[in-house]
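Input: a single structure, listed below in structure tokens.
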Amino acid sequence: MRQKVSPIARDLTRRLDPTSPRAYHRRMRATVNGEPMDLPDGLTVAALLRHLGVKGDRVAVERNGEVVKKARHPEQTLAPDDVLEIVTFVGGG
């Protein structure tokens, strides 16, 4: 008797299969706020912020010593061995 597999489970299995052309691979190493991290290859700055759960509205990002302007977050692709500093702004009084 064959067990039915939902389309969602089948898609997840395919994405996690390393032989699949659309498989998710963690294969890029970068340093974020002084901590070495394994990250998905090809992330943009905006995708990195989402990946880390950081809201991009009040944040500054520095990549290899240079500030990445907010307008470039969606297009600025990260590379292996990048050094990133992420600073979030907190209001108060």
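Assign unit charges at the C-beta atoms only (+1 for Lys and Arg, -1 for Asp and Glu), then state the dipole size of region 25-88 relative to its Cα centre in Debye, rounded to the nearest 20. Please report the intermediate quantities before stating the final value.
Numbers: 10 positive and 10 negative charges, 54 e Å.
That gives region 25-88 a dipole magnitude of about 260 debye.
With a point put 7 Å past each Cα toward its Cβ, work out how far D81 is from A60 in nm, to one decimal.
Here the answer is 2.7 nm between the modelled labels.
With the crude spin-label approximation of a point 7 Å out along Cα→Cβ, what separation in nm comes out for K69 versus T44?
Distance between the two pseudo-spin positions: 1.5 nm.
Could you pull out every residue, at least 5 positions away or on a different chain, whose amide H is within less than 5 Å of the one on L39? Hs are placed 1.01 Å off N in the peptide plane, and Pro or chain starts have none.
Here the answer is R27, M28, R29, A30, since their amide H atoms fall under 5 Å of that of L39.
Every number here is computed from the coordinates shown, using simple stated rules; none is lab data. These numbers were taken from a predicted model, which means no experiment stands behind them. Heads up, the Cβs are rebuilt from the backbone with ideal geometry, glycines too, and the neighbour counts pull from every protein chain shown.
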